[in-house]
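To start, the structure under review is shown below, and the notes come after it.
The values are calculated or read from the model by the stated rules, or taken from the named source; none is laboratory data. These numbers come from a predicted model, not from an experiment. When we count neighbours, we look across all protein chains shown, and the Cβ atoms used for this are built from the backbone with ideal geometry, even at glycine. Ligands, DNA and RNA are stripped out before the accessible areas are found, and what is left, the full protein with its side chains, is counted by its heavy atoms. Shrake-Rupley method; radii C 1.70, N 1.55, O 1.52, S 1.80 Å.
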Amino acid sequence: MRSADQPVARRVRGAAADDPLRGAVIKFSLSGFRIRRFGPPAVAGIVLLLAWELLPGAFGVSELLIPPASKVAHALWNAFKGGIIVGNFGVTLLEALSGFAIGSTAGVVCAALLTRSKTVETALMPYLVGLQALPKVALAPLLVVWLGFGIGSKIAIATIISFFPVLINSIVGFTTIESEKMELMHSLVASKWQTFRIVVFPNALPFIFAGLNVAIVFSITGALVGEFIGADKGLGHVLMQLNFSMDIAGMFAILVVLAVMGFTFYAVVRALHRRVVFWAEPDNLDRDAT
């Protein structure tokens, strides 16, 4: 989006200043590009909302099980007015972002240290793969016992869940280097730090961001699981309270808020990916894969 849209916008301003007719033609092309880019998701969203509103009633599904979209929107508005969303949203946001920051940083650092020694990597890799295969959610009750019902246990769960995707992807990135690049650095008598800074770390960045894309979404899951186990605030706690009172529309409203949070997190990481690793943008990778 950035690489295609912004140059066209600059061309529109420049062309409009030099030739109004040419500027109008380019502006029309820009509008067509935006329609092609955002039109299909907007239409799909409208169709899904209409299906959500109409189909459950058409098939005789009780509103107690699947409330229509209008009732969910009403419940969401009431939750905002009652101040239920804002405070608890901030708590879950803090837990998820803190866990993501700690877990992803630790994942990159551990991967960099592990891959500096082939012996250490070979010795620890089977255990890391085993821990990766372990359902981290199962550790949540234990962490709550160790760290209590406060925010610390939720951050710890989000940290553990965020750690492994970044670690595994970073290890792949740090070890998948073209031999020609390493031979060039050797021929230039570069130090280990120079080789790491100029070749190894930039080479690993696309893989690191692939792990971050997964970890940022998992961090929300970690925070919610901790709040399910035991908490007195946060969106997970609100979801459990609504479940006890059988407020299905309210539960759907919280799920909508969580979906927006997850989408926003993912979009921010992808935007950083495009800006930092501009030579391997996600869209280019997707096209290459096809």
Task: DSSP-assigned coil residues among trypsin sites (Lys or Arg not before Pro) in region 58-127, each with at most 15 further Cβ atoms within 10 Å - done: Arg116
Task: Computed label-point distance, nm, for sites Asn243 and Val86 using a 7 Å Cα→Cβ extension - done: 2.8 nm
TODO: Give me the distance in nm between label points sitting 7 Å out from Cα along the Cα-to-Cβ direction at Ala106 and Leu255, one decimal.
DONE: 3.1 nm
TODO: Could you work out how far apart the two model spin labels at Thr122 and Phe38 are, taking each label as a point 7 Å from the Cα in the direction of the beta carbon, and quote it in nm?
DONE: 5.5 nm
Open item on the list: Under 17 Å between alpha carbons, and skipping anything fewer than 8 positions from Lys81 in its own chain: which lysines qualify?
Closed with: Lys71
TODO: First measure r as the distance between the Cβ atoms of Thr176 and Ala138, then evaluate 1/(1 + (r/R0)^6) with R0 = 25 Å and state the FRET efficiency to the nearest 0.05.
DONE: 0.20
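Over the chain, calculate the relative contact order: mean separation of alpha carbon pairs under 8 Å at least 6 apart, over the residue count, as a percent.
Details: 296 pairs, mean separation 60.4, N = 290.
Relative CO of the chain lands at 21 percent.
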Task: Accessible area (Å², 1.4 Å probe, nearest 10) - Asp232 - done: 110 Å²
TODO: Could you order peptides 268-278, 196-206, 163-173, 42-52 by the average number of other Cβ atoms within 10 Å of their residues, highest first?
DONE: 163-173, 196-206, 268-278, 42-52
- [ ] Treating cross-link reach as a plain straight distance, find the lysines whose alpha-carbon is under 17 Å from the alpha-carbon of Lys154, omitting any fewer than eight places away in the same chain.
- [x] Lys136, Lys233
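What length, rounded to one decimal in nm, is gained on full extension from Leu49 through to His74, with 0.36 nm per residue of separation minus their alpha-carbon distance? Kindly include the intermediate steps, with their values, before the conclusion.
On the way: separation 25, 0.36 × 25 = 9.00 nm, distance 1.42 nm.
Difference between extended and current length: 7.6 nm.
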